[in-house]
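Taking it in order: structure first as structure tokens, then the write-up.
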Amino acid sequence: MLGDMPPCPYAQRARLENKVVMRWVSDAEPDSNFWTHIQNTDFNQTDVLILITDIKRWSWQYTYKIRCELNHTFRRDDIVVLEDHPGYKEKIGSVHMSNGRYCLLLVQRKSKLNRFSDMLKETTDYYKHWTQAELDDVVTWRHEDQL
């Protein structure tokens, strides 16, 4: 379904190059710490910041709301936030895209993510079997000026 590629085709390389930062945000910490972690991350050195919290902290709907608020806050900084919550069963065809265990916010440079996503679209079959709704949900919205 993904052109014989993993769900996150660039993740392994970023991990091998130590460009993935993972931060556990405990239930005892305020939600504002998510903003603080993003503000304190050097995205010239980090490809993705993964903010991890327990699935009991937020519903998938609230996780989506937080993602939208973070994108609104950081859009002028070329930052994009994606969410992953086990309560929202994200599938591309028959491939489960969710981690299934934790609530995640994945934070990256928007321009870099879009550039590599465009490369996948132009040079591979990664998006070949995606429906327009799946593309809109995962990819298209990131290319728009307003997040």
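By the rule of a C-alpha distance below 26 Å, with chain neighbours fewer than 8 residues away ignored, the lysines paired with Lys19 are Lys110, Lys112, Lys121. Give me the tail of P(r) for the chain as a percent: Cα-Cα pairs with distance above 22 Å. Cα-Cα pairs in the chain separated by more than 22 Å: 39 percent.
Taking Cα atoms only, the orientation of helix 110-123 departs from the longest principal axis of the chain by about 20 degrees. What is the antiparallel percent of DSSP beta bridges lying wholly in the chain, to the nearest 5? Counting DSSP beta bridges with both partners in the chain, the antiparallel share is about 70 percent.
Descending by average beta-carbon neighbour count within 10 Å, the peptides 26-34, 65-73 line up as 65-73, 26-34, the highest first. Straight Cα distances below 18 angstrom link Lys128 to the lysines Lys91, with same-chain residues fewer than 8 positions distant left out. Straight-line reach from Lys65: taking Cα to Cα under 16 Å and skipping same-chain neighbours fewer than 8 places apart, the lysines in range are Lys56. Taking a label point 7 Å from the Cα of Arg75 along the Cα→Cβ vector, which residues of segment 20-35 have an amide N closer than 19 Å to it? Output list for this probe position: 35.
Coordinate-derived values only; no laboratory data. All values derive from a computational prediction rather than experimental measurement. We place every Cβ from the backbone using ideal geometry, glycine too, and count neighbours over all the protein chains shown.
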